[in-house]
Amino acid sequence: MSTGANLERPAGFWIRFAAQLIDGIIVGIPTSIIYFAILVPAIVSTANSSYTTDGYVDPTPIIMSSFIVMLIIVVIQLLYFILIPALWNGFTPGKRIVGIRIAKVDGGKVGFGTMLLRCLIGGIADSIALSGLVSLILLLSRDDKRTLHDLIANTYVKYEK
């Protein structure tokens, strides 16, 4: 299928998958540590608490800890996937390792606004569009390898070398 602009060396599925896997490991390790450091003590504390008169334990500490953990993890992921590429010319550590980067279709600099649009609005659109299935179909079928969030932010992922 010939769709999209004639862009310079667009990166396909497997290389993007490898970069995402590396980034997932890099961001996943500290967020997992935070998860266990905050949530496990809340669970242990609740499990060790005395029962109320009706025999039930108050789940509020676990619920509040879960909310705090999710908020921290979302902030870390947003900082990682928005700020790092905006400051590092379209690279994340995973993309840098495999030799690809996010680029603007018009050749301009990938900045904070572009990355915010790509991650937040594109992420919401991907979630609504069958959990990224539409993006996967676009990636596999388009010559320019642009996904839904790429189309929304006017970006693409290309080989750097």
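For the stretch 91-112, what are the residues that are buried (at least 16 other Cβ atoms within 10 Å of the Cβ), outside any strand (DSSP E or B) and out of contact with any helix residue (DSSP H, G or I) (no Cβ under 9 Å at 6 or more places or on another chain)? Within the stretch 91-112, none qualify.
Whether a residue is at pLDDT 85 or above, farther than 17 Å from Asn154 by Cβ, surrounded by 11 or more Cβ atoms within 10 Å (Cβ to Cβ) and more than 17 Å from the chain's Cα centre (by Cα) was assessed, and Ile68 passes this test.
The set of residues in the stretch 62-100 being more than 13 Å from Ile22 (Cβ to Cβ) and among the small types (Gly, Ala, Ser) consists of Ser65, Ser66, Ala86, Gly90. Contact map, the stretch 87-102: residues that are in contact (Cβ under 8 Å) with a residue 60 or more places away in the chain and farther than 17 Å from Asp150 by Cβ paired with residues that are of a type in the set (S, T, N, Q) and part of a loop (DSSP other than H, G, I, E, B), Cβ distance under 9 Å, separation 6+ or inter-chain. No pairs are found.
Among all positions in the stretch 50-67, there is no residue which is under 23 Å from Leu7 (Cβ atoms) and of a type in the set (Val, Ile, Thr). State whether one or more residues within the stretch 124-131 are closer than 22 Å to Ser32 by Cβ, without any contact (Cβ under 8 Å) to a residue 24 or more places away in the chain and not in a loop (DSSP other than H, G, I, E, B). No, the stretch 124-131 contains no residue that is closer than 22 Å to Ser32 by Cβ, without any contact (Cβ under 8 Å) to a residue 24 or more places away in the chain and not in a loop (DSSP other than H, G, I, E, B). Would you confirm whether any residue within the stretch 47-65 is out of contact with any Ser or Thr (no Cβ under 9 Å at 6 or more places or on another chain), at pLDDT 75 or above and under 14 Å from Thr31 (Cβ atoms)? The answer is no, given that none of the residues of the stretch 47-65 is out of contact with any Ser or Thr (no Cβ under 9 Å at 6 or more places or on another chain), at pLDDT 75 or above and under 14 Å from Thr31 (Cβ atoms).
If only residues of the stretch 120-160 that are under 15 Å from Val110 (Cα atoms) and in contact with a Pro (Cβ under 6 Å, 6 or more places away or on another chain) are counted, the one that is surrounded by the fewest Cβ atoms within 10 Å (Cβ to Cβ) is Lys158.
Here is a yes/no grid of residues against (1) within 15 Å of Thr155 (Cα to Cα); (2) over 16 Å from the mean Cα position of the chain (by Cα):
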site: Pro85; (1), (2): yes, no
site: Asn89; (1), (2): yes, yes
site: Pro93; (1), (2): no, no
site: Arg101; (1), (2): yes, no
site: Gly107; (1), (2): yes, yes
site: Gly111; (1), (2): yes, yes
site: Met115; (1), (2): yes, no
site: Arg118; (1), (2): yes, no
site: Ser127; (1), (2): no, no
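The values are calculated or read from the model by the stated rules, or taken from the named source; none is laboratory data. Small disclaimer: the values here were computed from a predicted structure and weren't measured. For neighbour counting, all protein chains shown are included, and Cβ atoms are generated from backbone atoms with ideal geometry for every residue, glycine included.
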